[in-house]
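Input: a single structure, listed below in structure tokens.
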Amino acid sequence: MDSVVLKPGRDKAVRNRHHWIFSGAVRTMPDFENGGLVPVLSAGGDLLGHAYFNRNSSIIGRMVSFGGQAPEAAIRESVERAVRLRRRFFDPAVTNAFRLINAEGDLLPGLIADLYGDVLVLQVATLGMEKLKPLVLDILVSSLKPRSVYEKSDTPSRREEGLENFEGTIYGGAVDKVRILEEGLAFQVGLARSQKTGFYLDQREMRKLVRDLARGRHVLNAFSYTGAFSVYALKGGAVRADSVDSSESAIALAQENFELNSLPADSGVFFTADVFDFLREPGLDYDFIILDPPAFAKRKTDVVQACRGYKDINRLAIQKVKPQGLVLTCSCSHFVDETLFRQVVFQAAHEAGRSVKILQSHRQAVDHPVNIFHPETGYLKGFLLYVD
Ligand code: SAH
């Protein structure tokens, strides 16, 4: 017996091409080394596909192939399809930085790959994907011919998977910083000591929205990190775009990105400050406020506390923005879904006592696809609010 057999009636999710198998769904397991690939059978003996398994993880198995396809062939096909999708959407002369592989969104559980020009950054979240890394790296290197591949595997899931964090160059020469193009604008991406894999690629479409709407406005970019929203706002004709972040190094990076895009020093003020305090300052005169905080809920148990935080900053922004102003409010917490986030914004608007209309709803950019059979890959949502 060399297959995992699911309990009767517990094969529906996998038959529907969801990638995860929870231990409660498993009837029998063979001996296997954690992280190894094992065939998955229904109780009736149908081959459902192959998954990698790890007894230490609450998600015990993650499917990499469905039906009779060999797992290695499925992985190759998934990588090739992911690359093809991005080639269709991005002209490297305009945008040369994008997410190439979005884990289950691209049928590759446990793997993120972001391309920054000719530098690839990988993030491996699971032991199973760690074991598949040589295969994936080989496919990616032969298809993209990157100058360098940097691994930045520091996700919290690694501990449960029995993996240490790892960060360093795994192919080609060491690269510390890379300059990218997004929508024709230049940004500096630091690989080591960066947030995420270096740049918030998922916000590209909301940045374009800000560029389209910023003309003539005083913009506040709260939680600014690289200052990318500020750069887009100014390129879109904003009168001024101020940036606030609590991290000094983030503010320094934002200043560097202003220079890279030839923006004059007086086009925006940089504040190293806590947004919760900053928004309470008297005399704010912004008519467009962008709120793009980090994930306040990193775990399910954080949700109540996180919603309190989201409500606070939204109430303050809605209170303070000038009449006929705009607030672009975002949440990247997976555990705060769009319905809940909308309720939080509702409550914030109610407490602020202003007239608030949702003009648009937004999600993560196209290079962060959500697999329809595996909706857990969706996490980012944003509302464009009009405040009278
Ligand atoms: N909007 C950015 C991404 C924001 S990431 C972009 O498009 O690139 C979240 C940022 O919020 C980080 O840079 C982090 O340093 C900052 N941050 C976290 N908590 C903060 C707080 N309470 N006040 C100000 N900045 C904060």
Consider residue 323 carefully, then state whether it is in contact (Cβ under 8 Å) with a residue 40 or more places away in the chain and within 9 Å of the ligand (Cβ to nearest atom).
no
Odd one out for residue 224 among (1) more than 10 Å from the ligand (Cβ to nearest atom); (2) part of a loop (DSSP other than H, G, I, E, B); (3) of a type in the set (Gly, Ala, Ser):
(1)
Say whether the condition of being surrounded by fewer than 19 Cβ atoms within 10 Å (Cβ to Cβ) and either in a helix (DSSP H, G or I) or acidic (Asp, Glu) (or both) is met by at least one residue in segment 51-67.
no
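So is residue 169 more than 11 Å from the ligand (Cβ to nearest atom), polar (S, T, N, Q) and within 21 Å of residue 334 (Cβ to Cβ) or not? Give the steps one after another, and end with the answer.
Values: more than 11 Å from the ligand (Cβ to nearest atom): yes; polar (S, T, N, Q): yes; within 21 Å of residue 334 (Cβ to Cβ): no.
No; evaluated as a whole, the condition is false for this residue.
Select from segment 199-221 the residues that are near the ligand (Cβ under 10 Å from one of its atoms), within 27 Å of residue 122 (Cβ to Cβ) and not aliphatic (A, V, I, L, M) and list them in ascending order.
In the first step, residues of segment 199-221 are kept if they are near the ligand (Cβ under 10 Å from one of its atoms); the result is 199-204, 206-207, 210, 221.
The next check asks that each one be within 27 Å of residue 122 (Cβ to Cβ); those that pass are 199-204, 206-207.
Residues satisfying the conditions are 199, 200, 202, 203, 204, 207.
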Condition met for residue 347 (away from the ligand (no atom under 12 Å from the Cβ) and on the phi > 0 side of the Ramachandran plot)
no
Looking only at segment 25-82, which residues are farther than 18 Å from residue 136 by Cβ and among the aliphatic types (A, V, I, L, M)?
25, 26, 29, 38, 40, 41, 43, 47, 48, 59, 60
Which residue out of 388, 367, 337 is in contact with a Pro (Cβ under 7 Å, 6 or more places away or on another chain) and either in contact (Cβ under 8 Å) with a residue 60 or more places away in the chain or surrounded by fewer than 17 Cβ atoms within 10 Å (Cβ to Cβ) (or both)?
388
Would you confirm, using the coordinates I've provided, whether residue 244 is more than 24 Å from residue 193 (Cα to Cα), of a type outside the set (Asp, Glu) and either within 26 Å of the chain's Cα centre (by Cα) or more than 9 Å from the ligand (Cβ to nearest atom) (or both)?
no
For segment 241-275 the number of residues that are among the hydrophobic types (A, V, I, L, M, F, W, C), without any contact (Cβ under 8 Å) to a residue 12 or more places away in the chain and within 14 Å of residue 226 (Cβ to Cβ) is 1
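What number of residues within segment 164-178 satisfy the criterion of being outside any strand (DSSP E or B) and crowded, with 20+ Cβ neighbours inside 10 Å?
Here is the first cut: in segment 164-178, the residues outside any strand (DSSP E or B) are 164-165, 173-176.
Now narrow it down to the ones that are crowded, with 20+ Cβ neighbours inside 10 Å: 175.
Total meeting the criteria: 1.
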Checking 99, 86 in turn, the sole residue that is assigned to a strand (DSSP E or B) and either modelled with pLDDT under 95 or not acidic (Asp, Glu) (or both) turns out to be 99
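Quick check on my filter: what residues within segment 35-50 are surrounded by 16 or more Cβ atoms within 10 Å (Cβ to Cβ) and either touching an Asp or Glu at 6+ places or on another chain (Cβ under 9 Å) or charged (D, E, K, R) (or both)? Show your work before the answer.
Within segment 35-50, the first condition is being surrounded by 16 or more Cβ atoms within 10 Å (Cβ to Cβ), and the residues that meet it are 35, 37-42, 48-50.
35, 37, 38, 39, 40, 41, 42, 48 - these are the residues of segment 35-50 that are surrounded by 16 or more Cβ atoms within 10 Å (Cβ to Cβ) and either touching an Asp or Glu at 6+ places or on another chain (Cβ under 9 Å) or charged (D, E, K, R) (or both).
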Hey, residue 2 hits all of (1) without any contact (Cβ under 8 Å) to a residue 40 or more places away in the chain; (2) out of contact with any Asp or Glu (no Cβ under 7 Å at 6 or more places or on another chain); (3) on the phi < 0 side of the Ramachandran plot; (4) surrounded by 14 or more Cβ atoms within 10 Å (Cβ to Cβ) but one; which does it fall short on?
(4)
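Does residue 282 fit the bill of being over 17 Å from residue 347 (Cβ atoms) and without any contact (Cβ under 8 Å) to a residue 12 or more places away in the chain?
Working: over 17 Å from residue 347 (Cβ atoms): yes; without any contact (Cβ under 8 Å) to a residue 12 or more places away in the chain: yes.
In short, yes.
Please count how many residues of segment 253-293 are surrounded by 14 or more Cβ atoms within 10 Å (Cβ to Cβ) and within 13 Å of the ligand (Cβ to nearest atom).
Step one: list which residues in segment 253-293 are surrounded by 14 or more Cβ atoms within 10 Å (Cβ to Cβ), which gives 253-258, 260-261, 263, 267-268, 270-273, 275-276, 278-279, 284, 286-293.
If we keep only those that are within 13 Å of the ligand (Cβ to nearest atom) too, we end up with 253-254, 257, 270-273, 275-276, 278-279, 289-293.
Counting residues in segment 253-293 that are surrounded by 14 or more Cβ atoms within 10 Å (Cβ to Cβ) and within 13 Å of the ligand (Cβ to nearest atom) gives 16.
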Checking residue 298 against (1) touching a residue at least 40 places away in the same chain (Cβ under 8 Å); (2) within 13 Å of the ligand (Cβ to nearest atom); (3) closer than 20 Å to residue 188 by Cα, the condition it does not meet:
(3)
In segment 325-357, how many residues are of a type outside the set (A, V, I, L, M), in contact with a helix residue (DSSP H, G or I) (Cβ under 7 Å, 6 or more places away or on another chain) and farther than 17 Å from residue 294 by Cα?
3
With the structure loaded, tell me whether residue 195 is surrounded by fewer than 17 Cβ atoms within 10 Å (Cβ to Cβ) and within 9 Å of the ligand (Cβ to nearest atom) or whether it fails that test.
yes
Looking only at residues in segment 201-222 that are in contact with a helix residue (DSSP H, G or I) (Cβ under 6 Å, 6 or more places away or on another chain) and closer than 21 Å to residue 316 by Cα, which one is surrounded by the fewest Cβ atoms within 10 Å (Cβ to Cβ)?
214
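Here's the yes/no breakdown for (1) crowded, with 20+ Cβ neighbours inside 10 Å; (2) part of a helix (DSSP H, G or I); (3) aromatic (Phe, Trp, Tyr):
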residue: 180; (1), (2), (3): yes, no, no
residue: 189; (1), (2), (3): yes, no, no
residue: 199; (1), (2), (3): yes, no, yes
residue: 230; (1), (2), (3): yes, yes, no
residue: 243; (1), (2), (3): yes, no, no
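The values are calculated or read from the model by the stated rules, or taken from the named source; none is laboratory data. Just so we're clear, the structure is a prediction, and the values are computed from it rather than from any experiment. When we count neighbours, we look across all protein chains shown, and the Cβ atoms used for this are built from the backbone with ideal geometry, even at glycine.
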